[in-house]
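Trainee: Here you go, one structure.
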Amino acid sequence: MRPKICVWITFGDDMKFGDGRAQLLQLIDERGSLSKAAEELEMSYRNAWGYLQDLERAAGFQFVERVPGGGPRSGMRLTADGRRFLERYRTFRASLEGTMQRQFTRSFPRARRSATRKRT
């Protein structure tokens, strides 16, 4: 037995930002390409691009920018605001995980012991 939570930050009533969207931004930052990030997540480029456009409209700032060039250095990267938002989301998410784990251990003290016994 273990706890699991889903966390979203909402912009307005409909636009949600959670772990999946954070992973998309992280992969764009790492791969330098929306198409490579979308492919790795088994998502169509069109859906990924549409999501980014909707997210930027709802948030009121740009998360990504195109890198000009036309060669191997061209592609897409996070803006400073996008990178800052992603870092803050990760910090927020990690603090919730820590709090959740402490509360779970307090609420279900035997769950940890029984899980440890099963592994050995």
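Trainee: For the chain, what is the calculated [θ] at 222 nm in deg cm²/dmol (nearest 500), taking -39500 (n - 2.57) for each run of four or more DSSP H residues and dividing by its residue count?
Mentor: Working: 5 runs with 74 residues, N = 120.
Mean residue ellipticity at 222 nm (helix-derived): -20000 deg cm²/dmol.
Trainee: Hey, got the dipole for the chain? About the Cα centre, +1 on K and R Cβ, -1 on D and E Cβ, debye to the nearest 20? Can you show the working numbers first?
Mentor: Values: 24 positive and 14 negative charges, 236 e Å.
Charge dipole, the chain, about its Cα centre: 1140 debye, nearest 20.
Trainee: Between helix 19-31 and the chain, what is the angle of the helix's C-alpha long axis to the longest principal axis, kept within 0 to 90° and rounded to the nearest 10?
Mentor: Result, in degrees: 50.
Trainee: May I ask you to rank 33, 107 by accessible area, largest first, using a 1.4 Å probe over the protein chains only?
Mentor: If we order 33, 107 from most to least accessible, we get 107, 33.
Trainee: Is there a quick way to get the dipole size of region 1-71? I mean about its Cα centre, with the Cβ of Lys and Arg at +1 and of Asp and Glu at -1; what is the value in debye to the nearest 20?
Mentor: 120 debye
Trainee: Still on this model: Taking θ as phi - 60°, what are the ³J(HN,Hα) couplings along region 3-12 by the Karplus curve (6.51, -1.76, 1.60), each to the nearest whole Hz, with x for Gly and Pro?
Mentor: For region 3-12, the Karplus-derived couplings read x, 8, 10, 10, 10, 10, 9, 9, 10, x Hz, x marking Gly and Pro.
The values are calculated or read from the model by the stated rules, or taken from the named source; none is laboratory data. Remember, it's a predicted structure, so these values are computed and weren't measured experimentally. For neighbour counting, all protein chains shown are included, and Cβ atoms are generated from backbone atoms with ideal geometry for every residue, glycine included. Areas reflect the complete protein model, heavy atoms only, side chains present, ligands, DNA and RNA absent. Shrake-Rupley method; radii C 1.70, N 1.55, O 1.52, S 1.80 Å.
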